[in-house]
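Heads up: the structure comes next, in structure tokens.
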Amino acid sequence: MKHAPDNQTLVPGVAEAIRDQIFRGNLRAGEVLHQTELARDLGVSPVPLREALRRLESEGLVTFLPYRGTIVTPVTASEVHEIHIASVALEVALLGYAIPRLTERDFQKLYELCDELAQENTTPERVARFYQVLLRPAAMPTILQAIEGLVWRSLRFFPLIQTVRHQSRGLH
């Protein structure tokens, strides 16, 4: 007899699926999340879906509004600023440990990634890969994981960052 997965193992996967849809822009800021449809699309019952949404609420990705339901939390200027400050601080903290340990192969990969990042169609995956190659030699996986989390959290406003980046190129 096949057993259905319990909520303890199901909820993290459901939360990850919704988080990914938010980060990739499939679920947009301010969009109302229709729980019945979302549960059906994800192939889960309402209980693990609600638990996953509560988890995402604690991460600031969704907001429960009285009498309106659940929405994707809009991105705010303060969130963008906070993520920027945190990522820069963590990157600077690791650079002193990482740079002396970079190999010639690491530098070659970094040059390749820089060329890719300079293109208009760069992706968040490339940005994350750049930080992995640059900072992994610091041998501080917890901090690197925090940086990667911030990179993925910035996915919500990645298109805006790219637009500003490309517009500023024309000013030079």
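The values are calculated or read from the model by the stated rules, or taken from the named source; none is laboratory data. Nothing here was measured: the structure is a model prediction, and the numbers come from that model. Here Cβ is always computed from backbone atoms with ideal geometry, including for glycine, and neighbour counts include all displayed protein chains. Side chains are part of the model used for accessible areas, which takes the heavy atoms of the whole protein and leaves out ligands, DNA and RNA. Shrake-Rupley method; radii C 1.70, N 1.55, O 1.52, S 1.80 Å.
Things worth noting here:
- Ranking by accessible area, most exposed first, for R19, R28 with a 1.4 Å probe: R28, R19
- Solvent exposure ordering (accessible area, 1.4 Å, most first) of T142, T122: T142, T122
- Using the Cβ-Cβ distance between I99 and V32 with R0 set to 30 Å, the FRET efficiency works out to roughly 0.05.
- Simple spin-label estimate for L65 and V92 gives 3.8 nm between the two label positions (7 Å along the Cα-to-Cβ direction from each Cα).
- Segment A139-L110, extension gain: residue separation times 0.36 nm, minus the distance between their alpha carbons: 8.7 nm
- Ligands, DNA and RNA are left out, and with a 1.4 angstrom probe the accessible area of the chain is 63 Å² per residue.
- Evaluated at q = 0.09, 0.15 Å⁻¹, a Debye calculation over the C-alpha positions of the chain (equal weights, vacuum) places log10 I(q)/I(0) at -0.41, -0.96.
- For the chain, with +1 on Lys and Arg beta carbons and -1 on Asp and Glu, the positive-most of Q35, L102, A138 along the dipole: Q35
- Cα-derived Rg over Rh, computed across the stretch 24-125 with Rh taken as Kirkwood radius: 1.13
- The chain - charge dipole about Cα centre, Lys and Arg +1 at Cβ, Asp and Glu -1, debye rounded to 20: 120
- Apportionment of accessible area to carbon and sulfur, the chain, percent (1.4 Å): 57
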